[in-house]
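Please read the structure below before turning to the comments.
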Amino acid sequence: MVSTFSPRQAQTTAVPFSSIMPHYFKQVAIIGVGLIGGSLGLVLKHAHLADTIVGVGRRVENLKTAIEVGAIDRYVSDAVEGVRNADLVVLATPVDTYERHLKEWGHHLSTGTIVTDVGSVKGSLVEQAERLLPEGVRFVGAHPIAGREKTGAAAASVTLFLGARCILTPTPRTDSHAMDIIRDMWQAAGSRVSTMDPFQHDRLCAGQHAARTGPFHAARIRSPVVWRWGITRYHQNCGQFSGNVARHLAMESRQPRHDDRALRTAASTVETIDLNRRRPGH
């Protein structure tokens, strides 16, 4: 399915974006046009950083909303069609869908295409993306630490990332030029960009989740650096504090290299709290 609408212009209020000159994209494909994907689309449109932005997803009503708010130019339900001719692909779906997506359309990407993501779990998923993408396609892991209670394209905001931290997670295989392009893009969105090893990122975010759920659980994390980072950074959670986060953490906690219990503690704690929040009366 392909559809285009006349997009409603985004609000024209002055937005103090970075004054740097970021890379200009001919076509961007956003896989999953929710709060984060839709907000990034608004940034790219507002800052005139892309000729065309294509939204890819299954919920047609949400995709229509994304066009109405000006986050994308058109949408398709076929991901292979959506990524065709794209020079940037943004993976903004739940992290437990990454493997399926990359296997579905990765081999259709052109040499030089950049693939990035917005997931709150990195580690083995960055390794997985680098393994599944064909030679010449460049992957840069990214985690914009921003969110709000509402989700979906209707909640997207061009100012969502202003002042928020965005962590890039390069590996020895990361292309330096692609890394610079993604860094500039997030800085243009107003984010404070830093870099971190993918697995260190996951240990620190696990500590942050634990710190948010109470000192008892945070105290169970044995690494002092995890504890300190969790306490000082809990003003914003690592992604949406929801069942998605619980699922992401649970998946990553099963990786055998995580033997310090930080991820397992955070995963079980977030799962418990999320179940309580979903009960009637909560």
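Since every read-out is calculated from the coordinates, none of them should be taken as a lab result. Since the model is a prediction, treat every value here as computed from it, not as a measurement. Here the Cβ positions follow ideal geometry from the backbone for every residue, glycine too, while neighbour counts run over all protein chains shown.
Using modelled backbone amide H atoms (1.01 Å from N, in-plane), which distant-in-sequence or interchain residues come within less than 5 Å of Arg192's amide H?
So Arg192 has HN proximity to Gly163, Ala164, Arg165, Cys166.
In nm, what is the difference between 0.36 nm times the number of residues separating Glu81 and Arg192 and their Cα-Cα distance? Mind dumping the intermediate values first?
Values: separation 111, 0.36 × 111 = 39.96 nm, distance 3.32 nm.
Length difference between fully extended and current span is 36.6 nm.
In whole Hz and in residue order, list the ³J(HN,Hα) couplings for region 156-167 that follow from phi through the Karplus curve 6.51 cos²θ - 1.76 cosθ + 1.60, θ = phi - 60°; x for Gly and Pro.
Karplus-based 3J(HN,Hα) across region 156-167 equals 4, 9, 5, 9, 4, 9, 4, x, 7, 7, 10, 9 Hz.
For labels at Glu68 and Ser176 in the simple 7 Å Cα→Cβ model, what's the distance in nm?
4.8 nm
Based on other C-beta atoms within 10 Å, arrange Trp105, Trp186 from fewest to most. The partial results should precede the final answer.
Numbers: Trp105 22, Trp186 25.
Listed from fewest to most nearby Cβ atoms, that is Trp105, Trp186.
On a full-extension model of 0.36 nm per residue, what is the gain between Asp96 and Val60, subtracting their alpha-carbon distance, rounded to one decimal in nm?
Details: separation 36, 0.36 × 36 = 12.96 nm, distance 2.16 nm.
Gain in length upon complete extension: 10.8 nm.
Arranged by the count of other C-beta atoms within 10 angstrom, fewest first, what order do Thr52, Thr65, Thr113 take?
Working: Thr52 14, Thr65 19, Thr113 23.
Final ranking by Cβ density, sparse to dense: Thr52, Thr65, Thr113.
Go ahead and collect, in residue order, the members of region 49-78 whose backbone nitrogen is under 14 Å from a label point 7 Å along the Cα-Cβ direction of Lys150.
Within reach of a label on Lys150, which here means backbone N under 14 Å from a point 7 Å along Cα→Cβ, region 49-78 contributes 65-66, 69-70.
Under 5 Å between amide H atoms, partner at least 5 residues away or on a different chain: which partners does Val28 have, H built in plane at 1.01 Å?
Under 5 Å from the amide H of Val28 lie the amide H atoms of Thr52, Ile53, Val54, each far enough along the sequence or on another chain.
If the cut-off is 26 Å between C-alpha atoms, which lysines fall inside it for Lys64, apart from same-chain ones fewer than 8 positions away?
Within the straight-line cut-off, Lys64 pairs with Lys26, Lys45, Lys150.
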